[in-house]
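The values are calculated or read from the model by the stated rules, or taken from the named source; none is laboratory data. Worth saying up front: this structure is predicted, and the values here are computed from it rather than measured. Cβ: placed from backbone, ideal geometry, glycine included. Neighbour counts: every protein chain shown.
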Amino acid sequence: MRRTELFTKTSKTVPGDEVAKNAQLLIRAGFIYKEMAGVYAYLPLGKRVLDKIIQIIREEMDAVGGQEISLTALQQKDTWEASGRWSDDVMDVWFKTKLANGTELGLAPTHEEPLTRLMRTYISSYKDLPVYPYQFQIKFRNELRSKSGLMRGREFWMKDLYSFSRSQAEHEKYYSVMSNAYDRVFARLGIGDRTYKTFASGGSFSRYSHEFQTVSEAGEDTIYVHEAKKIAINEEVYTDEVLADLGVAREELKERKAIEVGNIFTLGTKFSDALGLHYTDEVGEQHAVYMGCYGIGPSRLMGVIAELFADDKGLVWPDNIAPFKVYLVNIGEQGTRMAETLYAALQSQGTAVLYDDRNERPGSKFADAELMGIPYRVTASDRLFGEQKYELTDRKNGAVTLLTADELLAKLR
């Protein structure tokens, strides 16, 4: 893509109504547009990052048997009344509306109920189990606080996978498989070394649920980290009993602020009982399907990564989720000829490149490259035309290398 074809622009001005660093930088760099508090539109650069995060998650979900679907955002009242969660007194984050005929509807904050109801059509025998449908979808939650940019929204992207199993034992086996899949997701996103499987309240069906918490001073949660075991305990269950159960001592733990980037928890038969999801076993006896739920927020992850890796110049994206790998800058008439040749060659070999072909000062182009956080900046200039070399700058560490076109293409291939 050429900058002259990109309709978005960067800004030097920090949005006055944003206090979160991730939102400030993403808006300034032209990745997102703020519609209202907690509600953001994804512009071309931001959509590319979000899609790459989603693709990494998708690959790991598919690898453990997930089947991707897409459920509806509009929800029927009676489906949620069956579980008791339609009432605002039980779940206070609903956005509700009405059809012209007065029928009351809701915008889905999560999807346990509608998916359980849907699966009644497809699950009746033990032969139909286990099954692991998942989706990527925008959720709607009427959050009281939405001051953390993409890390807490009223409208946000969520990956939610639901496991449908024949028994608790079958469920627990998959629960462990999914935990490992989450570890792989966070490792691939570059935050695995600071993300901890965190013990939290398990509700009525298990002793614990597990959150995946990424250590950050911008976090809203307090966790207690055991570095050696690579686990943590949420403040809500930080008791002597839990410490004893996990075999850790208080002096081994470090208090940290963190951001929840994912969770896995056991649902048991709560929703299958409420919505009548049963299967018949090998001897003809009927049982409620045993369920689990596994969530990751792709849009929240985008905000977390922006928050964690930014520096005083702007965003710093990991290579595998950056909107482009290369930010190409031309300086001078001869430099422009070199840039045009390299642009075509990079495209030909499949290297994602954003070419700043605008009639702007070099300093302005360099500043935009740093603000956008593109991993590599390549400069083609009159100064290096005689040597037929390009200047390669690494966004992460600022290292500068002079390379020929062939050397550069090989490095960026």
Item to check | Residues located in the stretch 256-304, provided they are over 20 Å from the mean Cα position of the chain (by Cα) and of a type in the set (D, E, K, R) | outcome: 256, 270, 273, 281, 282, 285
Checklist entry - Counting only residues that are crowded, with 20+ Cβ neighbours inside 10 Å and either basic (Lys, Arg) or not assigned by TED's automatic domain parsing to the domain that holds residue 219 (or both), how many does the stretch 119-151 have? => result 2
Checklist entry - Just a yes or no: is a residue in the stretch 252-265 over 24 Å from residue 190 (Cβ atoms) and in contact with a helix residue (DSSP H, G or I) (Cβ under 7 Å, 6 or more places away or on another chain)? => result no
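If a residue has to be in contact with a helix residue (DSSP H, G or I) (Cβ under 8 Å, 6 or more places away or on another chain) and not in a helix (DSSP H, G or I) to count, how many in the stretch 28-52 make the cut? First the steps, then the outcome.
Residues of the stretch 28-52 in contact with a helix residue (DSSP H, G or I) (Cβ under 8 Å, 6 or more places away or on another chain): 28-34, 40, 42, 45-46, 49-50.
Still in the running and not in a helix (DSSP H, G or I): 29-34, 40, 42.
Number of matching residues: 8.
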Next on the checklist: With in contact with a Lys or Arg (Cβ under 9 Å, 6 or more places away or on another chain) and farther than 22 Å from residue 56 by Cβ as the only criterion, which of 216, 179, 204, 209 stands out?
Outcome noted: 204
Checklist entry - Just wondering, is there one or more residues in the stretch 396-407 that are buried (at least 19 other Cβ atoms within 10 Å of the Cβ) and hydrophobic (A, V, I, L, M, F, W, C)? => result no
Checklist entry - Among the candidates 37, 108, which residue alone is hydrophobic (A, V, I, L, M, F, W, C) and farther than 21 Å from residue 262 by Cα? => result 37
Item to check | Residue selected from the stretch 1-27 under the condition β-branched (Val, Ile, Thr) and outside any helix (DSSP H, G or I), by the criterion nearest to residue 218 (Cα to Cα) | outcome: 19
Checklist entry - Scanning for something among the acidic types (Asp, Glu), in the same structural domain as residue 146 (by TED's automatic domain parsing) and under 25 Å from residue 111 (Cα atoms), does the stretch 241-257 turn up at least one residue? => result no
Item to check | Residues that are under 24 Å from residue 8 (Cβ atoms), out of contact with any Asp or Glu (no Cβ under 9 Å at 6 or more places or on another chain) and not in a loop (DSSP other than H, G, I, E, B), drawn from the stretch 345-359 | outcome: 346, 347, 353, 354
Checklist entry - With (1) at pLDDT 95 or above; (2) more than 30 Å from residue 178 (Cα to Cα) as the list, and residue 19 as the residue in question, which single condition is left unmet? => result (1)
Checklist entry - Which of (1) in contact with an Asp or Glu (Cβ under 6 Å, 6 or more places away or on another chain); (2) not assigned by TED's automatic domain parsing to the domain that holds residue 38 is the odd one out, the single condition residue 341 does not satisfy? => result (1)
Checklist entry - When you scan the stretch 224-253, how many residues do you find that are more than 15 Å from residue 207 (Cα to Cα) and in contact with a Phe, Trp or Tyr (Cβ under 7 Å, 6 or more places away or on another chain)? => result 6
Checklist entry - Looking only at the stretch 298-334, which residues are touching a helix residue (DSSP H, G or I) at 6+ places or on another chain (Cβ under 9 Å), under 28 Å from residue 160 (Cα atoms) and assigned to a helix (DSSP H, G or I)? => result 298, 299, 300, 301, 302, 303, 304, 305, 306, 307, 308
Checklist entry - Among the residues of the stretch 112-141, which ones are part of a helix (DSSP H, G or I) and over 22 Å from residue 281 (Cα atoms)? => result 112, 113, 114
Checklist outcome for this item: Here the residues within the stretch 284-294 that are within 18 Å of residue 197 (Cα to Cα) and surrounded by fewer than 22 Cβ atoms within 10 Å (Cβ to Cβ) are 293
